[in-house]
Amino acid sequence: MLQVKRIGHATLTTPDLERQLDYYTRVVGLSAVAKEKGRAILATKPGQEAIVLEHGERPAGVRLAFQVAPGSDLGALSARLSKAGIKSERRSGITPGIAQAIVFTDPKGTSVEIFSDYAFAKDDDNYTGVMPRKLGHVAFHTPDVAATVRFYCDVLGFKVSDWRSDFFAFLRCSRDHHTINLLQADNANIHHYHKSPDGITVEFFTDIDLMYDEELGYFEPRPWHQDRPQRPKVWGDDTPTNYWGPGHPHDMPGPKK
């Protein structure tokens, strides 16, 4: 098993690269640290690469990059994956900040890039838009949510923070409550509330539950938690919508089927 420390960046394809680049720089407030033919790399103001845009036929999330402990031997990690029956390959020059990575595919078909060492981007002195501090989490539809959860936990070292019934899982790799959301669906595509020009959902948040100590097993105590203390759990179908965001059929207005 590998032990992921944080999410690095997400790679999104787009049929209109310039429109998406304008959105992520002018509105979201990321900095363009590199631009190549059909590709742009965007970073936060603290210097963490967050989004890679690539020209493609349709909007999609095609790759996720995760960092393991700095100084880790990528060759040894690749050998460990091979013993588990997972084929990976070594790649160079992933982004300006990532010189070396190993790459393999998760059960839903998304490429996973694992890197150990990272060079922070320089400040470009351009201050505009929201300017998020980091990439918080990425949400995906997956045809087999249980199998995908097992992969991220068994192979990448994630832990389950919460389940919503048996169709929606929240996984963490750090103190943050979740880094990956997985939602059962027929397709395998990126998901989630404010829409970018390509129709990909983008969320901004200011605070998130934190698991400071895995052995203690509860999230940082907060006065609004329904459970005291709040521990990872499976939430029932009767959980109110405002716990999770709009759109759950049990809480939508109108007649119930």
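Just so it is clear, none of the values below were taken in a lab; they were calculated from the coordinates. On a predicted model such as this, the values are computed, not experimentally measured, just so you know. No Cβ is skipped: glycine too gets one built from the backbone with ideal geometry, and neighbour counts run over all protein chains shown.
Structural remarks
- Over all distinct Cα-Cα pairs of the range 70-121, the Kirkwood formula returns a hydrodynamic radius of 11.5 Å.
- Counting Lys and Arg as +1 and Asp and Glu as -1 over every other residue whose Cβ lies under 12 Å from the Cβ of Arg19, the net charge comes to -3.
- Stokes-Einstein diffusion coefficient of the range 95-142, Kirkwood radius over Cα pairs, 20 °C, 1.002 mPa s, in µm²/s: 154 µm²/s
- Fully extended contour minus Cα-Cα distance, from Arg80 to Ser174, at 0.36 nm per residue: 31.7 nm
- FRET E, pair Val62, Arg228, Förster distance 35 Å, beta-carbon r, rounded to 0.05: 0.25
- Between Val202 and Lys87, the FRET efficiency estimated from the beta carbon spacing at R0 = 41 angstrom works out to 0.80.
- The range 22-121: chymotrypsin sites (Phe, Trp or Tyr not before Pro) in DSSP coil with no more than 15 other Cβ atoms inside 10 Å: Phe120
- For the range 16-52 and the range 60-83, distance of Cα centres in Å: 24 Å
- Hull volume in cubic angstrom per residue (convex hull over the Cα atoms of the range 154-221): 129 Å³
- Remark on the range 112-167: hydrodynamic radius 15.1 angstrom, per the Kirkwood mean of 1/r across alpha carbon pairs.
- Evaluated at q = 0.09, 0.14 Å⁻¹, the base-10 log of the normalised Debye intensity for the range 1-155, with identical point scatterers placed on the Cα atoms, takes the values -0.29, -0.71.
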